[in-house]
Every structure is written in C-alpha cells, then in structure tokens.
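Novice: Have a look at this one before I ask anything.
The values are calculated or read from the model by the stated rules, or taken from the named source; none is laboratory data. Remember, it's a predicted structure, so these values are computed and weren't measured experimentally. Heads up, the Cβs are rebuilt from the backbone with ideal geometry, glycines too, and the neighbour counts pull from every protein chain shown. With ligands, DNA and RNA removed, areas are computed over all heavy atoms of the protein, side chains included. Shrake-Rupley method; radii C 1.70, N 1.55, O 1.52, S 1.80 Å.
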Amino acid sequence: MTMSHQASDFVRSRLGFGCASVMGKVSKQEGLRAMHLAHEQGIQHFDIARSYGFGRAESVLGEFMRGRRGQVSVTTKFGVVAPHLSWKTKTLMPVARFVAEQVPAVANRLRKRSGQVLAQKCFDLPYAQACLEHSLRELGTDHVDIYLLHEPPELPDAQRHDLAGFMRRLVQAGKVRHWGVACQHLEDLHWARTMQPDVIQVEGHVMNAHALMSHEQDIQVPLLLTRPFCGGLTQTVQTHVEQALPGTLQALQQQGLSLGDFALAVALRLAGAQGVVIGAMYTPRHIQHNAQAMQRSQMNPDLQRLLDQWLQPSRTPSDEQRL
C-alpha cells in the first residue's frame with residue numbers, strides 16, 4: 001500500500017532514498033528492486049551524485065525513472081570526480097561485492113580504497129556544466145530538482161560568487177529547480193550560507209543533533225539530512241541517546257518503538273517541515289520499516305513530547321560527535 005510522505009515545494013517526499021551504494025556494494029538489480037519497493041511505499045525523492053557507483057549509479061536511477069519522472073524528485077551533485085574504471089575492474093566488481101558480503105575485513109579494505117579513489121574534487125565552472133549535462137543524459141531528464149556542490153572545501157570568495165551565479169543561471173534556464181551545497185562537516189555551514197543557496201545538505205542524526213541545532217544561525221534554508229541512522233545504531237549510539245536524557249530507551253520500549261524509530265524521528269525534527277531525511281535502504285524489511293516509522297513519527301504525540309525533551313539544549317552530552 002502506498003503511503004503519503006508529501007514534503008514541500010522542493011521534493012516529493014520528506015523521506016528520501018539514498019543511492020550512494022548503487023553500483024558499489026549494491027548491484028544494479030538490487031538497486032532497481034529497492035527503488036521500486038521504496039517508490040511503492042511512498043518514498044518519492046531520490047538522492048544521487050555524479051560520482052556515485054564510480055560514475056555509474058545515475059544510469060541505474062535513470063532506468064528506474066523511465067516513465068515515472070513526474071512521480072519523483074531527484075537531487076544530484078557535482079564536484080567529486082568519478083574515476084574511469086577499466087573493463088577488467090568492472091568485470092571483477094560483482095566478484096568483489098560477493099566476497100565483501102562474506103568477509104568483513106575485505107569490505108573494510110574496499111571501503112577505504114573507494115574513499116581514496118574518490119578523493120579528487122573539482123569545482124571549476126566548465127566541469128560543473130559538463131557534469132550537469134552528463135547527469136541529465138544518464139537520468140533521462142531535462143532537469144533536476146536539486147543540484148548540489150558535493151562536499152567542497154572552503155572555497156575562495158571569488159569562486160563562491162562565480163559558482164553561485166552559475167547555479168542561478170541554471171535555475172533560470174530551467175535545467176535546475178533549486179541549488180545548494182552538500183557540506184561535509186557542520187563547520188562548513190557557516191561559509192556555505194554566504195553563497196545564499198536554496199538548500200543545504202549535511203549529516204543530521206542523534207549523534208550530532210545538538211551540535212546541528214547550535215548552528216541554527218547558519219541555516220536559513222531547507223535541510224537535506226543524511227545518515228539518519230549514524231551508519232549503524234551501535235551500542236555507542238544507544239549510550240549517547242540515554243546520556244542525553246536518561247530513561248529515553250525505556251520510554252521508547254513502553255511506547256512500542258525502536259531506537260530506529262527514534263533516530264528517524266529526530267532526523268525529521270531536525271530537518272524541519274520543508275526538509276528531507278535521506279537514508280540508505282536496500283532490503284524490503286528496512287524500506288518498509290522506514291516508511292512505517294515515518295508514519296508513526298507523524299501520528300504519535302507521545303513520541304513528539306519525548307523529542308521535545310530530548311532535544312532541549314541543556315541535554316547536550318559532552319561527548320557529542322560525528323560518526
């Protein structure tokens with residue numbers, strides 16, 4: 001059954017599908033199945049980048065979007081340079097994916113290697129233009145809903161000015177509906193806002209919630225929040241939640257809610273009414289849980305009261321950190 005997660009003028013749903021793993025640790029077939037199921041569950045915003053899947057993920061999303069463009073919204077990004085993969089590497093990737101699923105040590109090595117391969121960045125205007133044209137072809141569309149600078153370093157004033165002007169011209173040309181900056185760190189919010197973007201993307205979850213709230217002066221636009229589950233709801237995350245407000249875990253248990261429900265609710269509150277929470281979800285169980293948790297968050301006044309208490313600034317744990 002399709003559920004409504006209507007968001008704002010920016011995107012079609014407040015819960016978004018993160019495509020970072022597509023054509024990396026998630027195969028094309030797995031990615032397409034997950035996209036279809038997410039869409040059936042009312043998740044209608046998809047977040048991708050030119051570099052995802054080593055430059056191959058956008059074509060997968062484009063295949064899914066065929067015949068559905070009016071039913072979905074999409075964010076893509078430029079700046080992280082996608083590497084050129086040899087025929088041999090492409091052929092070996094399914095084998096590496098299978099081995100990584102069986103051997104955690106291999107998965108860790110591959111993750112580290114991927115980070116090294118994707119370390120190069122470029123924010124020149126010709127590259128930004130070329131990336132957009134490539135993205136539009138791969139996605140099979142004439143426009144993207146949101147176009148973001150992908151985790152730039154603190155850019156010189158002149159380059160910020162030029163990029164902001166370039167992005168606004170894309171909006172005027174109809175190739176982009178809204179533009180913004182995907183920040184790598186909370187500290188980037190201060191300089192990113194000087195570009196006057198339409199939206200900002202950054203990590204937002206229980207581990208950095210209070211720190212993010214302290215940057216309220218730097219955030220005057222809708223937020224696209226990533227990693228709502230902190231990359232895994234570990235014991236460290238549980239301890240952090242309980243330290244912020246003792247008794248939180250017990251209160252959740254009494255309400256029949258999980259830590260995952262709470263984590264998503266926190267991220268949704270941080271994102272605000274016009275914002276979006278973007279999660280990686282590739283199994284039917286995870287997708288259905290997220291869609292249902294979205295509904296529970298909106299309809300549960302006891303959970304909202306618990307959020308009010310937990311998010312009070314005075315509750316900030318001293319060891320709040322970014323995972």
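Novice: Suppose we keep only residues that are of a type in the set (Lys, Arg) and at pLDDT 95 or above within the stretch 158-200. Which one would you say is nearest to residue 213 (Cα to Cα)?
Specialist: 160
Novice: Within the stretch 174-196, restricting attention to residues that are in contact with an Asp or Glu (Cβ under 6 Å, 6 or more places away or on another chain) and open to solvent by 50 Å² or more (accessible area, probe 1.4 Å), which residue is farthest from residue 65 (Cα to Cα)?
Specialist: This residue is 190.
Novice: Can you name the residue in the stretch 208-223 that is aliphatic (A, V, I, L, M) and in contact (Cβ under 8 Å) with a residue 40 or more places away in the chain and, of all such residues, is most open to solvent (accessible area, probe 1.4 Å)?
Specialist: My answer is 213.
Novice: For the stretch 241-288, give me the residue count where each residue is open to solvent by 60 Å² or more (accessible area, probe 1.4 Å) and at positive phi.
Specialist: Residues flagged as open to solvent by 60 Å² or more (accessible area, probe 1.4 Å) and at positive phi within the stretch 241-288 amount to 1.
Novice: Quick one: would you say residue 228 is outside any helix (DSSP H, G or I) and open to solvent by less than 30 Å² (accessible area, probe 1.4 Å)?
Specialist: So residue 228 passes the test.
Novice: Hey, does the stretch 202-220 have a residue that's in a helix (DSSP H, G or I), within 30 Å of residue 70 (Cα to Cα) and not small (Gly, Ala, Ser)?
Specialist: No: the stretch 202-220 contains no residue that is in a helix (DSSP H, G or I), within 30 Å of residue 70 (Cα to Cα) and not small (Gly, Ala, Ser).
Novice: Go through (1) at pLDDT 95 or above; (2) surrounded by fewer than 18 Cβ atoms within 10 Å (Cβ to Cβ) one by one and return the number of the condition residue 139 breaks.
Specialist: Failing condition for residue 139: (2).
Novice: Looking at the stretch 70-85, which of its residues are farther than 18 Å from residue 131 by Cβ and open to solvent by 50 Å² or more (accessible area, probe 1.4 Å)?
Specialist: 70, 71 - these are the residues of the stretch 70-85 that are farther than 18 Å from residue 131 by Cβ and open to solvent by 50 Å² or more (accessible area, probe 1.4 Å).
Novice: Scan the stretch 237-244 and tell me whether some residue there is touching a helix residue (DSSP H, G or I) at 6+ places or on another chain (Cβ under 6 Å) and under 30 Å from residue 143 (Cβ atoms).
Specialist: No: zero hits.
Novice: Quick one: count up the residues across the stretch 41-69 that are out of contact with any helix residue (DSSP H, G or I) (no Cβ under 8 Å at 6 or more places or on another chain), part of a loop (DSSP other than H, G, I, E, B) and open to solvent by 10 Å² or more (accessible area, probe 1.4 Å).
Specialist: 3
Novice: Okay, next question. Quick one: which residue in 314, 318 is small (Gly, Ala, Ser), open to solvent by 30 Å² or more (accessible area, probe 1.4 Å), outside any helix (DSSP H, G or I) and modelled with pLDDT under 95?
Specialist: Testing whether each residue is small (Gly, Ala, Ser), open to solvent by 30 Å² or more (accessible area, probe 1.4 Å), outside any helix (DSSP H, G or I) and modelled with pLDDT under 95 leaves just 318.
Novice: Which numbered condition trips up residue 241, out of (1) touching a residue at least 40 places away in the same chain (Cβ under 8 Å); (2) touching a Lys or Arg at 6+ places or on another chain (Cβ under 8 Å)?
Specialist: Exception for residue 241: condition (2).
Novice: Can you give me the number of residues within the stretch 8-23 that are open to solvent by less than 60 Å² (accessible area, probe 1.4 Å), over 16 Å from the mean Cα position of the chain (by Cα) and at negative phi?
Specialist: Residues flagged as open to solvent by less than 60 Å² (accessible area, probe 1.4 Å), over 16 Å from the mean Cα position of the chain (by Cα) and at negative phi within the stretch 8-23 amount to 1.
Novice: Within the stretch 146-173, track down each residue that is open to solvent by less than 10 Å² (accessible area, probe 1.4 Å) and assigned to a strand (DSSP E or B).
Specialist: If the condition is that a residue be open to solvent by less than 10 Å² (accessible area, probe 1.4 Å) and assigned to a strand (DSSP E or B), then 146, 147, 148, 149 are the ones that fit.
Novice: Determine which member of the set 188, 157 is acidic (Asp, Glu) and under 19 Å from the mean Cα position of the chain (by Cα).
Specialist: 188
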